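As structure tokens, the structure follows; a few thoughts come after it.
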Amino acid sequence: GLVAAWNEGASADEVATFYADDVVVETSPNRPLPGGSTMDIDGLHAARRTAQERWSEEHYDLRGATGGGGIVAMEFLWTGSSRTEHPPFAAGERVKGRVAMFLHFRDGLIVRQRNYVCV
């Protein structure tokens, strides 16, 4: 599934196969994104490519999940090493964060994703 794809370093195109073309992905404000973000499928592609350029050894440790009625809620411990300097992170810095993610599905694809990130 999606979590395995992230952990295996899947490309932007591979990750996009889990999402509907009309997806909306919202991320709450956090240290790397002080204003938060809202993305469509093109933004999702770009964000995945940027993440792969910036982070190495990225890992999503699923801590729990629950769901019903087309919605899944998941909690992760995310870890990664900064491949490059990109404020607020230095090159080589090990980073840990907690992520809560809510996924809404239609016809087996994600149509809305809300991320709450503590990094």
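Values for this structure:
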| item | result |
| --- | --- |
| Prolate/oblate/rounded label for the range 43-84 (Cα gyration tensor, a/c 1.5) | oblate |
| Mean separation of Cα contacts under 8 Å, 6 or more apart, over the residue count of the range 42-119: relative contact order % | 23 |
| Debye, to nearest 20: dipole size of the chain, +1 on Lys, Arg Cβ, -1 on Asp, Glu Cβ | 460 |
| Residues in the range 43-73 reached by a label modelled at Ala100 [backbone nitrogen below 13 Å; 7 Å Cα→Cβ] | 64-66, 73 |
| Per residue accessible area of the chain, 1.4 Å probe, in Å² | 55 |
| Ellipsoid semi-axes in whole angstrom, largest first, where each is sqrt(5λ) of the Cα gyration tensor of the range 69-119 | 29, 11, 8 |
| From the coordinates shown, Kirkwood radius over Cα pairs in Å corresponds to which of (i) 14.7; (ii) 16.3; (iii) 15.0 | (i) |
| Net charge contributed by nearby residues that have their C-beta within less than 11 Å of Gly36 (K/R +1, D/E -1) | 0 |
| Ser37-Leu77 pseudo-label distance in nm [points 7 Å out on the Cα-to-Cβ vector] | 2.5 |
| Total charge dipole magnitude, the range 45-107, about the Cα centre, Cβ charges on Lys, Arg, Asp, Glu only, Debye to nearest 20 | 80 |
| Distance in nm between pseudo-label sites at Val3 and Ala65 (7 Å out along the Cβ direction from Cα) | 0.5 |
| Heavy-atom accessible surface of the range 1-49: percent carbon and sulfur, 1.4 Å | 54 |
| Charge-dipole axis of the chain as Lys and Arg at +1 and Asp and Glu at -1 on Cβ define it, positive-most pick from Ala47, Ala10, Thr84 | Thr84 |
| Estimated FRET transfer efficiency (Glu57, Val111; beta-carbon r; R0 41 Å; 0.05) | 0.85 |
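The values are calculated or read from the model by the stated rules, or taken from the named source; none is laboratory data. Computed from a predicted model, the values in this text were never measured in an experiment. In this analysis, Cβ positions are derived from the backbone assuming ideal geometry, glycine residues included, and neighbour counts consider all displayed protein chains. Surface areas here come from the heavy atoms of the whole protein model, side chains and all, with no ligands, DNA or RNA. Shrake-Rupley method; radii C 1.70, N 1.55, O 1.52, S 1.80 Å.
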